[in-house]
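First up is the structure itself, then whatever we jot down about it.
Rule-based calculations on the coordinates, nothing more; no lab input. The shown structure was predicted, so the numbers you read here are calculated from the model rather than taken from an experiment. Glycine gets a Cβ as well: all are built from the backbone with ideal geometry, and neighbour counts include every protein chain shown.
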Amino acid sequence: MTAGGKKDAMVVFTPSGKRGRFPLGMRVLDAARQLGVDVDSVCGGRAICGRCQVVVAEGDFAKHNIASRSDNLSARGEAEQKHMLRRGLADDRRLSCQATLQADIVIDVPASSQVHHQVVRKPHEAHDIDINPVVHLYYVEVAQPDIQIPSGDQQRLLAALEKDWQLENLSCELGVTQTLQSCLRKGDWQVTVAVRNNRHIIAAWPGFKGNAFGVAVDVGSTTIAAHLCDLTSGEVLASAGKMNPQIRFGEDLMSRVSYIMMNPGGEDDLVRVVREAITELVAEVSAAAGIEVSDVVEMTVVGNPIMQHLVLGINPVELGTAPFALANDAGVDVLAADVGITINPGGHVYALPCIAGHVGADAAGVLLAEAPYDRDEVSLVVDVGTNAEIIVGNRERLLAASSPTGPAFEGAQISSGQRAAPGAIERVRIDPKTLEPKFKVIGCADDTKADDLTVV
C-alpha cells in the first residue's frame, strides 16, 4: 500500500494511450495484456527473450495527473539482473515481465517491443507495412511424465500452451508428434513451438528459440528470386536469384505449354526442375543468413498463372488456348512437403491467387504492395518481365492486362534484342534539371551518356 493508502495504481501506456487501474504488485506485462496493449513476449514472462522491454516516462504528466518516476516500479530483481549480465539491458529499460507496479506511472512501449509494429524499409518498400506473421513462436515448460498420471507428452504440451498462452483446441502436425519426445527430453522439458494461425503446431525446438523465418519467392518465366525474412522484425536477411531451369524446355510461356502438349507427361519435368530450383534458393539464402533450412517455417510464392500452376503441380495446357481457363483462381495453402519444396517439415507454402488467365499471382502481389484500390487518383502499375502485366485504375475500378514482352525485347522475334547479359541496357535515368538521359549497360562500371552510344 502506498503512503496515500492506495491499493492500486493508474497505468498509462504510450503510444497507444490505453490506461487502467491495477493492483499494486501486478506485473507490467499482465497489465498490458489486460488492456490489449501490444507487447511482445516469446518466453512467457521468464526473463529469457528480452522482447518485452518498456521505458518509464519520467516527469509530471498533468494531462494524466501522474508524477511518473522509475521508482514507481519495483527494483530490478535477480532474474532481471541476470538478463542484464547475459544479454544486456539499457539503463532506462525494464523487462515488463519482471517489473511490478508500485504507484501511478506512464510507460512507453518502444517499437522494438511491439508485436505488430510498423516497419519502414525504404530500400525494399515504398510505404509502411504491418508485421503480423501467420506463424508465432511460444516458449513453454512442460510437466514431466508421471506414472500416476498416464497422459502423453503431446497432451501435456497442449496443456502448458493453454495455461501459459491461452491457446486452446490446438492440433499438432504428425511430424511434430513423431519428434516431440526427443525434443522435450533434449530441452529438459523446455520447448519452443511454432503455431500457425493460432490453430496448428507445425514445429518444435528444444529449449528457447527466439526467431522463425519465412521466404518470399517470385517464380518468373526467366528468373526466380527468393528473399529470406525474419518473421518477427520483417527484416530481409538475404536475397538470391537464379535462372529458371524451365528455360531449356522453352524460352517463353507458350513454348513451355507447347512442350507439354507435344510430350505427354512433360509437365512432370517442368514441375520437378522449378521445385528443385526453389529448394536450392532456400538453402542459399539460409546459408547466407547463418540459419538452418529447418528454421524456415513459412513460404509465400507468386508467379504468372503458368508458373503458379507448375509450382503446384497442375498441368497448365488449358492456359495455352482460349478461353485460357485457370484450374483455380483462389489462393492455395499447402504443406511445403506436399509440393516437393524443402523447408521445415511442418512449414507451409501459400500461393497467392491469380487474377485471370494470364494475369497472375505476381500481379496480385503488386496490387497488395501498391494498393491502387485505396486511392482516388488513377494509378498505372507496369511489371515488365518475360510476361508483363499492366494494371490501371483506382478505388472505383481496376483493369488488368498482360503481354509476352520478353521475346520482343530479348531477340526471339526481332534482330536487335538480347537477354539481360553483358552489353544489354539495364537502367535508364533522365536528369530532372538538364533532361540529359543516361543509361547503365551490363558489364560496364559507370553510367553512359546518350551521346556516347554507338549505333551499329
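Mind listing the Cα extents of the range 8-113 along all three principal axes, in Å, largest one first?
The principal-axis extents, from largest down, are 38, 25, 24 Å.
For every helix of n ≥ 4 consecutive DSSP H residues, a contribution of -39,500 (n - 2.57) applies; sum these over the chain, divide by its total residues, and give [θ] at 222 nm rounded to the nearest 500 deg cm²/dmol. List each step's numbers first, then the result.
Numbers: 9 runs with 99 residues, N = 456.
Result for the chain, helices only: -6500 deg cm²/dmol.
Considering amide H positions built from the backbone, and no H for Pro or chain starts, which residues 5 or more places from residue 207, or on another chain, come under 5 Å of its amide H?
187, 190, 191, 192
In square nanometres, what is the average projected area of the Cα convex hull of the range 229-301? Present the calculation step by step, with values, prior to reporting the outcome.
Numbers: hull surface 22.7 nm².
That works out to 5.7 nm², a quarter of the Cα hull's surface.
Fewest Cβ neighbours within 10 Å first, please rank 149, 343 accordingly. Numbers along the way, then the final one.
On the way: 149 9, 343 27.
Fewest to most other Cβ atoms nearby, the residues stand as 149, 343.
Hey, what's the per residue convex hull volume over the C-alpha atoms of the chain, in cubic angstrom?
Values: hull volume 99.0 nm³, N = 456.
Residue-normalised Cα hull volume stands at 217 Å³.
Net charge near residue 382, counting Lys/Arg +1 and Asp/Glu -1 over other residues with Cβ under 15 Å of its Cβ?
Details: positive: none; negative: 362, 370, 383, 389.
Once positives and negatives cancel, what remains is -4.
Whole number please: convex hull volume per residue of the Cα set in the range 314-405, in Å³?
Values: hull volume 11.1 nm³, N = 92.
Looking at the range 314-405, the number lands at 121 Å³ per residue.
For the range 348-396, build the charge dipole from Cβ charges (+1 Lys, Arg; -1 Asp, Glu) around the Cα centre, then report which of 368, 349, 388 sits farthest towards its positive end.
Positive-end residue among those listed: 349.
When a footprinting reagent is the concern and you count Cβ atoms within 10 Å, what order do 97, 229 take, fewest first? Can you show the working numbers first?
Values: 97 27, 229 24.
The fewest-first ordering by Cβ neighbours comes to 229, 97.
Mind grabbing the base-10 log of I(q)/I(0) for the range 134-206 at q = 0.11, 0.20, 0.28 Å⁻¹? Debye formula, identical points on the C-alpha positions, no solvent, two decimal places.
Rounded to two decimals, the profile gives -0.22, -0.76, -1.51.
Compute all pairwise cysteine Cβ distances in the chain, then list the cysteines with no distance under 4.7 Å to another cysteine.
Flagged as lacking a Cys partner: 52, 97, 172, 183, 229, 354, 444.
Measuring from centroid to centroid over Cα atoms, what is the spacing of the range 1-55 and the range 180-200 in Å?
About 28 Å separates the Cα centre of the range 1-55 from the one of the range 180-200.
So what is the orientation-averaged projected area of the range 266-324, using the convex hull of its C-alpha atoms, in nm²?
Numbers: hull surface 18.4 nm².
Quarter of the Cα hull surface area: 4.6 nm².
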